[in-house]
Structure formats: structure tokens, C-alpha cells
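Worksheet: one structure, shown below.
The values are calculated or read from the model by the stated rules, or taken from the named source; none is laboratory data. Note that this is a predicted model, so its numbers are computed, not measured. Every residue, glycine among them, receives a Cβ derived from its backbone with ideal geometry; neighbour counts consider all protein chains shown. Side chains are part of the model used for accessible areas, which takes the heavy atoms of the whole protein and leaves out ligands, DNA and RNA. Shrake-Rupley method; radii C 1.70, N 1.55, O 1.52, S 1.80 Å.
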Amino acid sequence: MSNSILIKTVRVNGFRGLKNIEVELEQTTVLTGMNNSGKTSFLKAMQIALGNRQFLSQDDFYIEGNTIGTQIIVDIMIIPNNTDENKNFSEEWEILFTDARIKFTEDSAYIPLRTIASIDPITNNVRIKQYILQEWIELKFGEDPEHHWYELDNGNETSFRFDEIPFFYMDAQRDILEDIKLKSSYIGKMLSKIEYSTEDIAEIEEKIESLNQSAVEKSEILKIIKTALTELNSAMDSTNGGVEITPFTKKIRDLGKGLTISYGDNEDSFLMEYHGMGTRSWSSLLTLKAFVEFFKINSEQNDAVFFPIVAVEEPESHLHPNAQKKLYSQINDIVGQKIISTHSPYIAATAKIEEVRNFYKNEIVECGQINVDELSKEDLRKINRQVINTRGEIFFSKCLVLFEGETEEQALPIFFDKYFGKTSVELGVDFVGVGGYGNYLPFIRFAEYLKIPWIILSDGETPVVKKLKKDIKKVYKLDTVDLSTFTNIFILEDGADFERYLLNEGFIEEIKLAFEKLESVTYLEEELLQKNGTVQKRIKTASTCSDCEQNIYEDILRNYDGDEGFKDFLYDCMTSQKTQFGPVIAETIVASANELPQLIRNLFAKIKNVLNIEEPA
């Protein structure tokens with residue numbers, strides 16, 4: 001936006017669950033993360049600095065152990081947002097901000113604003129003070145001892161509530177029907193501003209009067225009611241006026257009081273009362289858009305600068321997926337700067353990758369973002385295509401478990417239920433098959449940037465381990481990598497894949513029983529031959545023609561000699577029936593008297609440690 005501004009950075013200390021956090025904002029920013037991760041608290045912290053603070057109470061101060069914080073600090077940096085190379089504020093904004101507030105670096109201007117909320121020791125009420133910082137420093141500054149940003153001197157005390165930068169907040173509990181009743185709602189404020197010229201009022205009220213007369217004259221019921229009520233004249237000893245029945249409001253000033261909204265297709269429309277919460281919530285959000293547009297028009301008419309900050313909480317409430325996808329573009333089109341808090345993978349996937357900020361809460365709340373400047377276009381394309389477009393739910397994960405194959409994807413959640421006594425969904429753990437060992441990198445990058453803990457269960461074949469090392473080098477920018485030093489990477493022993501690992505761990509009887517449970521496949525199929533104690537099976541193999549370089553398929557009789565041969569035979573059966581076999585073998589192992597495979601227990605112990613989960617049942 002030419003000659004405009006932008007809130008570039010927001011820092012919060014000591015507010016609700018936000019002990020110390022910094023968030024970089026875009027023109028439109030989408031906040032993701034699980035419930036109670038701090039998204040709403042961040043929006044309310046911005047409201048403390050820019051909007052209505054009446055909601056603040058002692059309960060909003062950060063609590064650590066038995067200690068309640070004594071102050072809330074919110075720092076905001078405003079920068080110019082010009083389309084040209086000019087890094088200074090336009091003349092209009094300079095006049096509004098004044099030289100006393102504007103600071104400079106070597107190549108650009110900025111405004112560092114601080115808001116401090118504290119408890120007044122006398123009145124016990126929340127007290128607000130605002131300051132212009134002398135400079136904007138790093139999160140940590142100085143040496144011996146090192147200081148945090150919120151320990152910086154407050155600077156000059158001054159107010160910075162600007163009508164030209166209004167803060168609009170819309171929470172998740174919205175309903176157009178309730179909004180119409182409230183003068184304080186966005187649509188209520190707009191209705192109170194309705195104005196007509198004297199000539200227009202006379203013309204409209206004349207038409208209303210004629211409409212009321214016609215409605216009464218053409219209704220026998222209304223005429224009977226009017227005749228009966230004329231007896232009030234004698235009862236009240238009134239000689240002036242009389243009874244009027246007005247099916248439609250009489251005065252134009254009362255139009256808003258009886259306002260109704262209908263919605264439907266070309267043939268039928270229904271009052272908003274008959275629509276579901278999705279339509280009503282969406283309509284309420286669109287009235288905010290209209291309200292901001294109303295402000296914009298007034299500003300343009302008065303040649304005034306105008307830059308609203310619009311914060312919307314869970315706009316997807318009650319809406320189906322396709323409607324959720326449309327929401328992003330509708331909010332993005334609103335003038336000013338927008339911050340969207342969402343639990344919708346559809347909204348997160350529709351947003352630009354650089355607009356997403358992920359909140360993750362463990363011991364403290366952290367915010368992650370994908371640094372597009374560090375990645376190539378191909379890197380970003382893979383994150384979008386392989387991660388976001390197919391596994392958008394992992395924006396809201398507490399822990400990601402990555403692996404290559406189908407068997408793991410079906411078996412691990414069953415093992416998880418056994419180990420923890422709860423489902424992985426309940427604990428916020430996502431098991432994600434990456435579709436082959438070459439596909440780990442975009443998932444690791446996604447998780448690292450967004451501060452989501454990740455764990456890998458990798459096959460042990462040499463090419464797989466070699467590629468994994470290469471990916472880890474890229475992520476952490478290392479020259480050499482020893483995977484054994486990574487406590488979140490579990491590699492199957494002896495170069496095995498998952499199926500071979502189960503065999504090596506001694507689950508022979510469970511695997512045989514699993515095949516017997518499968519009606520379509522058993523390990524005693526008709527094509528098997530038992531000859532001289534040797535299991536034999538006809539398998540199809542491929543060789544390459546030396547002339548045409550095409551695969552030639554032929555059936556051969558393969559021998560599986562002895563115990564090891566029988567394990568090889570079971571392995572071939574397992575790998576040829578992965579989609580059917582995975583859940584059955586997991587359920588069989590869980591139902592047996594044996595413990596879960598050791599490496600799986602180690603992996604689950606890591607999850608328990610990452611999420612601070614109590615000892616499993």
C-alpha cells in the first residue's frame with residue numbers, strides 16, 4: 001500500500017500465558033496453533049496497546065508458580081510501508097506522529113511504542129501508561145549481565161492513541177442477530193449514523209404513511225382492530241388525534257429499530273433467524289468489513305490518513321471447508337492490517353506461507369514462522385505441496401512423528417493407544433507418513449521453523465540413513481552429522497525396515513496369527529508348496545532386456561530354507577500386503593502378552609518427555 005504504515009513487530013511480556021514473546025507481522029498475518037497456545041492472548045495484548053482496555057483485570061497478569069506478575073509490557077514497532085524505495089513516513093503520517101515519536105536507523109524510520117499495565121496499590125485498579133522508547137533493541141542486549149528487551153528504559157511518557165489507527169477486534173462469539181440489538185456492535189454503530197436530508201425524510205415518510213394506510217384498508221382484521229381501539233377516545237376523553245395502526249414504522253428515525261436481514265437464493269429468502277450459526281457468524285464478520293469501509297470513506301472525504309488494525313478470532317466458526325477457504329480472501333481484502341487467529345487448516349493453507357505465525361506452548365509460549373529468505377523457490381514449493389496442502393492439520397500439532405512407510409502409519413497409533421492409554425488425537429500427536437525416505441526435508445523444515453517438536457522413526461538401510469544425514473545437515477547448516485547425537489531420531493537396527501524389524505524382534509507367532517486373521521491373505525496360500533521341509537513360493541521378478549531395456553517379468557520358484565528362510569518368506573508376505581497387514585499385526589501384538597517393540601517404547605518415552613506427560617498407564 002503506497003504511503004502507508006505497518007505494525008512490523010509486537011513484543012509481549014507478562015500477559016496471561018505470554019511470559020516473553022516476539023511476533024513479526026505482515027499486512028495479513030495468520031496465527032495457528034493448538035487451543036490455549038496463546039493466540040487469543042496475543043490479540044488481546046495488541047488491544048491493550050491500541051484499543052479498548054476495559055477488559056483488563058488482575059487475572060490477566062502472568063502467574064509463575066505462586067508469584068503473580070506486577071506489570072504487563074507490550075511494545076509495538078510501526079514502520080513505513082511504501083511500495084517505492086523510500087523508507088521514511090509520508091508527510092501525512094509524519095504530521096500525525098510528530099518528530100518526538102519518530103526514530104531513525106541508518107536507512108529507515110520507525111516508531112517504538114511501549115504500553116505498561118500495572119496494579120494501582122491504592123485503588124487496586126489496573127493503571128495504564130504509555131511511552132516512546134528511545135530505541136528498538138534486540139530481544140537480549142548488553143553483556144554481563146545480559147538483559148531482556150522489557151528491561152530497557154521506558155523512555156518518554158506520552159499517549160499514542162490515534163483515531164487514525166483504530167483497532168477493531170472481533171471474537172469467536174459473534175452472531176448477527178445479537179449485533180443488530182446492540183448499539184455498541186459494529187452494525188449497531190453504523191445504523192446509529194444513518195442520515196437523510198430533510199427532503200428525503202419527508203418523501204420517505206410520506207410513502208410509509210401511504211403504505212400503512214393501504215395495508216390497513218386492505219385487511220379486514222386490521223380494520224376491525226382499529227375500529228375497536230377508537231373507543232379509547234371516549235375512555236380517555238380525547239378529542240384530538242386518534243388511534244393509528246402502522247404495520248410499518250412511522251418515522252424514519254425508527255427504521256433501524258425494526259431492521260431485519262433476510263438471506264437466500266433468487267427464489268426464496270429467509271429471515272436470518274432461520275439460518276444456522278455459520279451464516280450468522282459470517283454475516284457478523286462482513287458487517288465489520290462494512291464498518292471499516294465506512295471509516296475509510298469518511299477519512300477520504302476529509303483527506304485524513306487512515307490505517308485500521310483488524311483482529312479476527314476464529315473466523316471459520318460453524319462454516320464448512322469451502323466457505324472457510326473463501327474467508328481468507330474476504331478478510332485479506334479489508335483495508336489496513338489484519339491478524340487472523342484460526343484453527344482451520346484450510347485458512348492456514350490458503351494464506352501465503354510467509355504470513356503464518358505458529359504459537360506453540362510447552363513450558364513457555366513461543367512463536368515460529370517460516371523464513372522464506374533462507375529457502376529457495378523449490379524448497380518453498382515442496383513445503384507447500386508436500387506438507388501444507390496435504391497435511392494441514394499438523395499446524396495444530398503438539399508433536400510430529402515422521403516415518404516412511406504405510407505399515408508404520410497404521411501400526412504406530414495402535415501402539416500409542418496401548419502405551420499411553422489415550423489416543424494420539426487426545427494428546428495432540430500426529431503420525432505422518434512422508435511417502436518415502438527422500439521426503440523428510442520439507443517436513444523437518446516446517447516443524448523447525450514453526451517450533452513444533454518432531455521425531456523420526458527411520459528405516460535403517462544405508463541409502464535411507466545417508467539421505468537423512470544429508471537432510472539434517474541442510475536444516476542445521478552443519479558440515480558433519482552424527483545421527484546418534486539426535487535424541488529425536490530413532491533408526492531401526494541392523495539396516496532393517498519396519499517389517500523386518502518386527503521379525504528381528506521375535507514377533508514371529510504374532511505375525512503368523514495376523515495373517516490367519518486376514519480372510520483375503522494367509523501365509524498358507526494355495527500357491528505355496530511345502531517340500532522336504534522347505535517353504536517355496538512362486539514370485540514374479542523382473543529383469544531388463546539388454547536390447548530394448550524394458551522389464552521382462554517371469555515367475556520363478558523361490559526357496560525359503562530353514563528358520564531364516566521362513567522369516568524371509570513372512571517378510572515378503574508382509575511387504576506385499578502392507579495396507580492390510582499394518583493394523584492387524586499391531587492389534588495382534590497389543591493383544592499378546594509381549595511388550596511393545598523396544599525401539600517403539602523408546603520413541604514413546606521421548607514423546608512423553610517432550611510433552612511432559614505423566615507415566616503411561
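Annotations for the structure displayed:
- Residue that is most open to solvent (accessible area, probe 1.4 Å), among those in the stretch 25-40 that are under 12 Å from H343 (Cα atoms), polar (S, T, N, Q) and in a loop (DSSP other than H, G, I, E, B): N36
- Test: residue in the stretch 351-371 that is open to solvent by less than 10 Å² (accessible area, probe 1.4 Å) and among the charged types (D, E, K, R): yes
- Any hit, the stretch 46-61, residues being more than 24 Å from the chain's Cα centre (by Cα), open to solvent by less than 10 Å² (accessible area, probe 1.4 Å) and over 23 Å from P121 (Cβ atoms): no
- One residue alone among I334, I347, I339 is in contact with a helix residue (DSSP H, G or I) (Cβ under 7 Å, 6 or more places away or on another chain), on the phi < 0 side of the Ramachandran plot, among the hydrophobic types (A, V, I, L, M, F, W, C) and assigned to a strand (DSSP E or B), and that residue is I339.
- Scanning the stretch 260-311 for residues that are modelled with pLDDT of 65 or more and in a loop (DSSP other than H, G, I, E, B) turns up T260, I261, H275, G276, N302, D303, A304, V305, F306, F307, P308.
- Evaluation of T487 against the conditions (1) at pLDDT 95 or above; (2) surrounded by 14 or more Cβ atoms within 10 Å (Cβ to Cβ) shows that the sole unmet condition is (2).
- Matching residues, the stretch 315-325, being over 17 Å from E355 (Cβ atoms) and of a type outside the set (A, V, I, L, M, F, W, C): S317, H318, H320, P321, N322
- Scanning the stretch 451-475 for residues that are among the charged types (D, E, K, R) and under 30 Å from N362 (Cα atoms), we see that the one that is surrounded by the most Cβ atoms within 10 Å (Cβ to Cβ) is D459.
- Residue match in the stretch 433-440 (condition: open to solvent by 40 Å² or more (accessible area, probe 1.4 Å), β-branched (V, I, T) and free of Cβ contacts under 8 Å to residues at least 60 places away in the same chain): no
- Members of the stretch 62-107 found to be in a loop (DSSP other than H, G, I, E, B), touching a residue at least 12 places away in the same chain (Cβ under 8 Å), open to solvent by 40 Å² or more (accessible area, probe 1.4 Å) and farther than 29 Å from L18 by Cα, listed by number: T83, D84, K87, N88, A100, D107
- Residue check: Y110 meets all listed conditions (1) of a type in the set (S, T, Y); (2) in a loop (DSSP other than H, G, I, E, B); (3) surrounded by 11 or more Cβ atoms within 10 Å (Cβ to Cβ) but one, namely (2).
- The set of residues from the stretch 479-519 being in contact with a helix residue (DSSP H, G or I) (Cβ under 8 Å, 6 or more places away or on another chain) and under 16 Å from I455 (Cβ atoms) comprises L483, F486, T487, N488, I489, F490, I491, L492, F498.
- Residue match in the stretch 371-379 (condition: under 29 Å from K19 (Cβ atoms) and touching a residue at least 24 places away in the same chain (Cβ under 8 Å)): yes
- Filtered residues of the stretch 126-158 (kept if over 33 Å from the mean Cα position of the chain (by Cα), part of a loop (DSSP other than H, G, I, E, B) and either touching a residue at least 12 places away in the same chain (Cβ under 8 Å) or within 21 Å of L18 (Cα to Cα) (or both)): Q134, E146, D153, N154, G155, T158
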